[in-house]
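Input: a single structure, listed below in structure tokens.
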Amino acid sequence: MSTVVTTRTALLRARAAMDGTVAVVMTMGALHEGHLSLVHRARELADHVILTDFVNPLQFGPNEDFDAYPRDLASDVAQVEGLVDLVFAPSVEEMYPLMPPPVTVSAGRLGTVLEGARRPGHYDGVVTVVTKLLQLTRPHFAVFGQKDAQQLAIIRALVFSLDIPASIEAVPIAREDSGLARSSRNVYLSDEGRERALLLSRTIAAVSAAAPSASGILSALETARRSAPEGVEWDYAFAVDPGTFEEITPEHRGEVLVVLAARVEGVRLLDAAVAVATER
Ligand code: PAF
């Protein structure tokens, strides 16, 4: 049985008893295959794996789904049985004895563009909880998915900027057979919604087919933006420079990060991919 702890004191005690290397997988619960792929990578990397399971209120806006966010600790623990050493599942009061916390961490400029522009404060909330969880678990490795590509870039910038001695490991997006990127929020979609949501993964496929042409990538995204079927509302579909998160031009050469966000049946879905542009 994986041990479940709910207090910071118990976590620190259990962490101190771990010999060898430690990898952490941070989640907000509602585990699915995507999270399990992170856990499997963590097991390859380290002697011990800690899974954190905490729906972080600081990263939800006032009109977002914090209260409705799916929570099922018993199912989460059953899914990681035999795969992780420890599950840390604190309450909000345990993580934030003072609310709002008197000091938080800022995600900086990267936290204010794209997803951050649509969800003000979201990435500040993410980096605040990620910093706390890195302090509490002191991992050698912290494993994150590539679906929220902006979150991954910000967390890399966080450990670099604050000299946090953890190696950030990225795991490719886990997809359903249909191509839909796995997400805890997929449970909100009807069958029809799932079909509509395939616009995102089809756009990723169209962009991959257009690479390595920078203008091909841009026109695949333009076509996708114009061709959203009824019931799909694009938030953004951009090709950006992975260093600056600014939109690329047809002259761009090198890595391109494709970031997509769309709303289907009121559910906000993300997808992402990395391409390389070597020609116009
Ligand atoms: O990606 C997530 O699930 C969350 O943003 C994280 C990293 C667990 C922080 O709450």
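Nothing in this text is a laboratory measurement; each read-out follows from the coordinates by a stated rule. Being a predicted model, the structure only gives us computed values, none of them experimental. With ideal geometry, Cβ positions are generated from the backbone for all residues, glycine too; neighbour counts draw on all protein chains shown.
Out of region 45-74, which residues are within 16 Å of the ligand (Cβ to nearest atom) and of a type in the set (S, T, N, Q)?
Residues satisfying the conditions are T52, N56, Q59.
Of V22, V39, V4, which residue is closer than 25 Å to P57 by Cβ, touching a strand residue (DSSP E or B) at 6+ places or on another chain (Cβ under 9 Å), away from the ligand (no atom under 16 Å from the Cβ) and not hydroxyl-bearing (S, T, Y)?
The unique qualifying residue is V4.
Across region 173-205, what is the total count of residues that are within 16 Å of the ligand (Cβ to nearest atom) and either among the charged types (D, E, K, R) or free of Cβ contacts under 8 Å to residues at least 60 places away in the same chain (or both)?
Counting residues in region 173-205 that are within 16 Å of the ligand (Cβ to nearest atom) and either among the charged types (D, E, K, R) or free of Cβ contacts under 8 Å to residues at least 60 places away in the same chain (or both) gives 2.
Among (1) within 15 Å of the ligand (Cβ to nearest atom); (2) within 20 Å of V130 (Cα to Cα); (3) of a type in the set (A, V, I, L, M, F, W, C), where does L86 come up short?
(1)
Of all residues in region 173-185, how many are in contact with a strand residue (DSSP E or B) (Cβ under 8 Å, 6 or more places away or on another chain) and not in a loop (DSSP other than H, G, I, E, B)?
Residues that pass the stated criteria total 3.
Criterion first (without any contact (Cβ under 8 Å) to a residue 60 or more places away in the chain, of a type in the set (D, E, K, R) and either surrounded by 14 or more Cβ atoms within 10 Å (Cβ to Cβ) or more than 16 Å from the ligand (Cβ to nearest atom) (or both)) does E169 satisfy it?
no
Are any of the residues in region 26-36 buried (at least 20 other Cβ atoms within 10 Å of the Cβ), polar (S, T, N, Q), touching a residue at least 60 places away in the same chain (Cβ under 8 Å) and within 11 Å of the ligand (Cβ to nearest atom)?
no
Do we have V103 as farther than 23 Å from V259 by Cα, of a type outside the set (D, E) and surrounded by fewer than 22 Cβ atoms within 10 Å (Cβ to Cβ) here? Please lay out each step first, then the result.
Details: farther than 23 Å from V259 by Cα: yes; of a type outside the set (D, E): yes; surrounded by fewer than 22 Cβ atoms within 10 Å (Cβ to Cβ): yes.
So V103 fits the description; yes.
Find the helices (runs of 4 or more DSSP H) located wholly in region 1-94 whose residues include 3 or more that are touching a Ser or Thr at 6+ places or on another chain (Cβ under 9 Å) and either of a type outside the set (F, W, Y) or within 30 Å of G179 (Cα to Cα) (or both), and list them.
8-16, 33-45
Go through (1) free of Cβ contacts under 8 Å to residues at least 40 places away in the same chain; (2) crowded, with 16+ Cβ neighbours inside 10 Å for V240 and report which single condition fails.
Of the numbered conditions (1) free of Cβ contacts under 8 Å to residues at least 40 places away in the same chain; (2) crowded, with 16+ Cβ neighbours inside 10 Å, the odd one out for V240 is (1).
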